[in-house]
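Report on the structure given below.
The values are calculated or read from the model by the stated rules, or taken from the named source; none is laboratory data. Here the structure is a predicted model, which is why all the values come from computation and not from measurement. Here Cβ is always computed from backbone atoms with ideal geometry, including for glycine, and neighbour counts include all displayed protein chains.
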Amino acid sequence: MNKQVVLYKKLSPLLMARLHEQTDVTLIDNLNADGLAQLRDALPRAHGLLGASLKLDAQLLDLAPNLQAIASVSVGVDNYDIDYLTERRILLSNTPDVLTETTADTGFALILASARRVVELANMVRAGEWKRNVGPAQFGTDVHGKTLGIIGMGRIGEALAQRGHFGFGMPVIYHSHSPKPAVEQRFNAQYRSLPELLQQADFVCLTLPLTAETEGLIGKQQFALMRPQTIFINISRGKVVDEAALVEALRSGQIRAAGLDVFEREPLNADSPLMQMDNVVATPHIGSATHETREAMATCAVDNLLQALAGERPANLVNSGAWKA
Ligand code: DGY
């Protein structure tokens, strides 16, 4: 009998065909109330799940007694209770590597857009308000040669450092669990404590995962260490930051600007003060959102799922404690 797979994300025809060859597929193509009801109906027969952007808590997963594997189409795994999955020996996999470069591109897009006020000034042109040459009131600030501060020197942090160091001649400082000599050598980067980094970086960029340890890492105290020229960039997860403290830091001029791809609540509430601020560039969680990268992520997730359902260790297993050879 074929294994039963529940997809809660649409895949390309090619990937759908691959899954159909080896499994029976139920597709839930919209996670609205109807879609969630369909998911609940499908969970009791599911051996595998594949999707993203859904908090799969124990309450939902208790509906799935036969579940063997979840393939998340994301690198972040903050939507899953890993201890619970491990206890139930459900293999959780993710899609690292394939999105690293694109996500770093997004980070740099936010750096450039915030520093050079691209969105604000493009909107001015579009509104027909470009009547004379721009003056100091519209000037931005340089990116090249400024100090790039990276918090969380993982794969995406390194890809950001590469762009800053080689592309823009930026001195790179970073903070992570421990110093990384290979990174320091490659990008001439220097390790800093978190307070030192916040005080010294012109661009403070978050590239670290959301965990119990990083939730709320950047709040009032941390913004107070930044300087009026600091530009704050977040391409990790919104909950790493106390958003009210960020709003206050932007409002008071404690920091110059922010480029944000992630928020405490997504989609961002229409009444969020961040929406009203000219010195904020806000994008809708597009870190990895290109045609090529999303297809590569989906391919990686399908590979992971088929491996797991075939009794093999998935290439990108997150909870190795769940694996029993
Ligand atoms: C990821 O892959 O974790 C991206 O942030 C999309 O959720």
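Tell me, yes or no, whether region 53-72 has at least one residue that is under 29 Å from residue 240 (Cβ atoms), within 13 Å of the ligand (Cβ to nearest atom) and β-branched (Val, Ile, Thr). Among the residues of region 53-72, not one is under 29 Å from residue 240 (Cβ atoms), within 13 Å of the ligand (Cβ to nearest atom) and β-branched (Val, Ile, Thr), which makes the answer no.
One residue stands out in region 3-36 among those that are charged (D, E, K, R) and more than 17 Å from residue 310 (Cβ to Cβ): the one that is surrounded by the most Cβ atoms within 10 Å (Cβ to Cβ), namely 9.
Pairs are defined by a Cβ separation below 8 Å, a sequence spacing of at least 6 or placement on different chains, a first member in region 258-275 that is of a type in the set (Ser, Thr, Tyr), and a second member that is within 13 Å of the ligand (Cβ to nearest atom); the pairs so defined are 272/263. Could we say that residue 195 is modelled with pLDDT of 95 or more and over 16 Å from the mean Cα position of the chain (by Cα) here? Yes. Return the residues of region 109-152 that are buried (at least 20 other Cβ atoms within 10 Å of the Cβ) and in a loop (DSSP other than H, G, I, E, B); say none if nothing qualifies. Listed by number, the residues that qualify are 117, 143, 146, 152. Scan region 265-307 for residues that are under 15 Å from residue 53 (Cβ atoms) and either more than 14 Å from the ligand (Cβ to nearest atom) or not in a loop (DSSP other than H, G, I, E, B) (or both) and report the count. Of the residues in region 265-307, 6 are under 15 Å from residue 53 (Cβ atoms) and either more than 14 Å from the ligand (Cβ to nearest atom) or not in a loop (DSSP other than H, G, I, E, B) (or both). Can you say whether residue 129 is in contact (Cβ under 8 Å) with a residue 24 or more places away in the chain and more than 18 Å from residue 255 (Cβ to Cβ), as far as the supplied structure shows? When the stated conditions are applied, residue 129 does not pass them. Within region 74-98, restricting attention to residues that are farther than 20 Å from residue 8 by Cα and in contact (Cβ under 8 Å) with a residue 24 or more places away in the chain, the residue that is surrounded by the most Cβ atoms within 10 Å (Cβ to Cβ) is 98.
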